[in-house]
Amino acid sequence: MSGDLRRLADMLGIHSGFHDMQGNWQAISEESMRALAEALGHAADSDSAVAASIARLEEQARQRSAPRDWICVEGETIQLSLAHPVEYRLVDTASGAELRAGDARHALTLPALDSGIYRVEQHQADRVEHTMLLVTPSQLPLRRWLANGDAPWGLMAPLYGLRSRANLGVGDYADFARLASIAGQGGADFLGINPIHALPQSDAPAFSPYSPNHRGFWDVNHLAPDRVPEFAASDEARRLLTEREDEIAALRAAELVDAGRVARLRRPILEALHQALMTAPPGSERRREFESWRRTQGDALRHFATFEALAEAHGPDQRAWPEELRSARATGVARFRQQAADRIRFHEYLQFVAESQIHDVAQEAGNAGMRLGLYFDLAVGTNQWSAEVWAEPEAFVTQASLGAPPDHFNPTGQCWNLAPFHPHALQGLDYEPFARVIRTAMRHAGMIRIDHVLGLNRSYWVPEDGRPGGYVSYPFDALLAIVAIEAARADAVVIGEDLGLVPEGLRPRLEKEGILGCRVMQFERLGQDFRSPADFPRLSITTFGSHDVPTVRGWWRERDVDALVAAALLNEDEAAGMREDRGRVREALWRMLGRYGLLGETPGPMPDDLTPEHALAVHRLLSTSGSLLLGIHLDDVLGLELQQNLPGTVEEHPNWRRRMPGTLEDLADDPSWKATCEAMNRGRGRPQGEQEA
């Protein structure tokens, strides 16, 4: 590999390799390095192209005389060194207001500022530069919980899989509110669900919530039509619902979710509700509320709704659209907006309704006594040809996908078909696309989980031609500062999903910034034994598993191994090795349950299957965790075996389709639910540091 290519890679933040799960160094190939440089927008297909790219980057660096970012803590006086005298303006990016202006010669001194995101514009001669001033909070909301010595627990559930006697065959926001009430009354302090970002339009039975269409808007496939104010005034909506009663009953009774079929059934009902609003007097309170809300959303909502209307007209994959429609600023978009104004307004209306229903869920959680409330999951990326990319293509990379190298989740590595943020363009856009996504996730949540938080530091990119990938660095300090600023604004606790190949020093840095890590008990082992939950770090959330790994009962019965073999992701020899290892750690878990006194006075031999009493013992063990937070999955409470998602599969496993066995109307009286709540409330009320029985 040439020295110039390595130099270009260093300038662009492309790593020369990485240490794998076994600690072995895996060097990136020259071909992969060139492909990643090209994905970042720098020619690298020949030595001369590499040299030219280096020269351009050096010239850009020479022209810059002010720091790109400046990070400090609120309350600190700020002093920026200057290479030349400048005229400056200090602007609050949240409001656009100018806070200060003047002249400065060798240094620019600013007074202490409140936590927030600011821009310092510097004018000299015919040039304008600006520095992003990221003022972080002196104390995050998390610190209050640590100071109080609390140990909250919460429930985690797949929204799509909830059953009720009122939904259309997919869990909806009314079910979400009902579950929040049940969980809060049971003692839970938070309720976590799968991501509810807006999803691509699709007729498929399921679509991954981790491959969203836009992370700044909501999934309308969970709207509850009968909870919309227009429902009472719309004879058409009520008629459509009545006429489809038999189909709805079949969808409610089905073993698996068919999201595409439910969406087709729901859509004409929502159209009737929109029509009811638009035929109401323009001066009506509801019309005024809608129009006011539309205005506050600005271009972001207009772009998203336009994309949705285009997807209806031309199909969900924008690569098949006419050239003049392939980005928000393309030449034909303005004309389309005029032609499809009614349809665009319909999609704006759907977001208006979703915002209202999610707000109602958050209120219900608070009314039920939840101190943390809703726990939202933020997907690591967006679908490569999504509305999010269409609206701001300059902020994303489309010649590579986010993914992961081989690890214990996936021995062959992963390609997620997600567009990564372009790290250098993100800086040029003042980080606003990233901040907007964080801000949306926290709008109604007391907690958020950042999926694959390692990506704030470095992300694994897979080139579009399928060759092996490599890691690319991100402006870690700036992104962490933005997370902290937005968390303080929203009064939200932040959790970072820190599993997989974790860079050295990352976890201590996240802890320093007040971001909790994840401790999945299935992976917390010391040799052939489990690590005691009491020893888990305080700044973390403990769960037994996640959506990508087996449930308690599925783990015990090796259903995940069965699924991997059935999907041809494991051969029989590999499966035999996994089963042998599982047998040993299953015995280790059984011994630990006995040591904690959770199996009664005479535990007896280890069973082939877990009874509800044994599963409850596992939850009691989890309740002894030293982690600040504890999450219990509804799947485990109800004794389900199949995991929600089997990574590496599409059709081979019922991903994102599995449903709960009973209805929400019966959950509050379910013996397993009541016993779990009692155990969690008792266990999390123990003084910290209580030892094994």
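The table below lists the values:
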quantity: Computed lengthening from T331 to A204, 0.36 nm per intervening residue step minus Cα-Cα distance; calculated: 42.6 nm
quantity: Charge dipole (debye, nearest 20) of the range 317-379; +1 at Cβ of Lys and Arg, -1 at Cβ of Asp and Glu; calculated: 300
quantity: Cβ-placed point charges (K, R +1; D, E -1), dipole of the chain about Cα centre in debye, nearest 20; calculated: 1240
quantity: Karplus 3J(HN,Hα) series, Hz, for the range 179-187 with 6.51 cos²θ - 1.76 cosθ + 1.60 (x for Gly, Pro); calculated: 5, 4, 5, 5, 5, x, 5, x, x
quantity: Heavy atoms of F336: accessible area, 1.4 Å probe, square angstrom to 10; calculated: 20
quantity: Accessible area of the range 139-205 belonging to carbon and sulfur atoms, whole % at 1.4 Å probe; calculated: 46
quantity: Cα-centre dipole for the range 433-474 with unit charges at Cβ (Lys and Arg positive, Asp and Glu negative), debye to 20; calculated: 280
quantity: Protein-only accessible surface order, largest first, of K674, K512 at 1.4 Å; calculated: K512, K674
quantity: Helical mean residue ellipticity (222 nm; -39500 (n - 2.57) per DSSP H run of 4+; nearest 500) of the chain; calculated: -12000 deg cm²/dmol
quantity: Positive-end residue, the range 520-565 charge dipole about Cα centroid, Cβ charges, pick of L526, V549, F536; calculated: F536
quantity: Rounded to 5, the percent of DSSP beta bridges in the range 404-506 classed as antiparallel; calculated: 55
quantity: Nearest-10 value in Å² for the accessible area of I344, using the 1.4 Å probe; calculated: 10
quantity: Under the Karplus curve 6.51 cos²θ - 1.76 cosθ + 1.60, θ = phi - 60°, whole-Hz ³J(HN,Hα) for the range 473-488, x wherever Gly or Pro sits; calculated: 7, 10, x, 4, 4, 5, 5, 4, 4, 5, 4, 5, 4, 5, 5, 5
quantity: Accessible area expressed per residue, the chain, with surrounding protein chains retained (probe 1.4 Å, Å²); calculated: 41
quantity: DSSP-defined antiparallel bridges as percent of all bridges, the chain, nearest 5; calculated: 60
quantity: Distance in nm between pseudo-label sites at S473 and Q60 (7 Å out along the Cβ direction from Cα); calculated: 1.5
quantity: Cα Rg, Dmax, the range 613-693, angstrom units; calculated: 15.4, 47
quantity: Sequence of Y431, Y474 from largest to smallest accessible area, 1.4 Å probe; calculated: Y474, Y431
quantity: FRET efficiency for H314 and R509, using Cβ-Cβ distance with R0 set to 35 Å, rounded to 0.05; calculated: 0.20
quantity: Note, ³J(HN,Hα) from phi for the range 622-630, Karplus 6.51, -1.76, 1.60, rounded to Hz, x at Gly and Pro; calculated: 4, 5, 7, 4, x, 5, 4, 10, 10
quantity: R0 of 56 Å, Cβ-Cβ distance R165-R489: FRET efficiency to nearest 0.05; calculated: 0.90
quantity: Fraction of the pair-distance distribution of the range 517-635 above 19 Å, Cα-Cα pairs, percent; calculated: 48
quantity: Heavy-atom accessible surface of the range 39-131: percent carbon and sulfur, 1.4 Å; calculated: 47
quantity: R100 accessible area, assembled protein chains, probe 1.4 Å, Å²; calculated: 100
quantity: Förster-model FRET efficiency, 30 Å R0, E243 and E289, C-beta, rounded to 0.05; calculated: 0.50
quantity: E236 paired with E613, simple spin-label distance in nm, labels 7 Å along Cα-to-beta-carbon; calculated: 5.9
quantity: Three-way shape call for the range 307-450 based on the alpha-carbon gyration tensor, with the a/c threshold at 1.5; calculated: oblate
quantity: Chain lengthening between D103 and Q363 when straightened (0.36 nm per residue, less Cα-Cα); calculated: 88.7 nm
quantity: Contact order relative to length of the range 526-682, as percent, for alpha carbon pairs under 8 angstrom and 6 or more apart; calculated: 37
quantity: Correct choice for Rg and Dmax of the Cα atoms in Å that was computed from the model, options [x] 26.4, 100; [y] 30.4, 111; [z] 26.3, 85; calculated: [z]
quantity: Amide hydrogen neighbours beyond the local backbone of G192, cut-off 5 Å, H modeled; calculated: L155, M156, A157, Y375
quantity: Extension gain from A668 to E651, taking 0.36 nm per residue of separation minus the Cα-Cα distance; calculated: 2.7 nm
quantity: Inter-probe distance in nm under a simple model that places probes 7 Å from Cα toward Cβ, at E323 and A250; calculated: 4.6
quantity: Exposure rule at most 14 other beta-carbon atoms within 10 Å, DSSP loop GluC sites (Glu not before Pro): the chain longest free segment; calculated: 256-503
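The values are calculated or read from the model by the stated rules, or taken from the named source; none is laboratory data. Given the structure is predicted, the values throughout are model-derived calculations rather than measurements. Reconstructed Cβ throughout: ideal geometry from the backbone, glycine too, with neighbour counts over all protein chains shown. Just the protein is used for accessible areas: all its heavy atoms, side chains included, with ligands, DNA and RNA removed. Shrake-Rupley method; radii C 1.70, N 1.55, O 1.52, S 1.80 Å.
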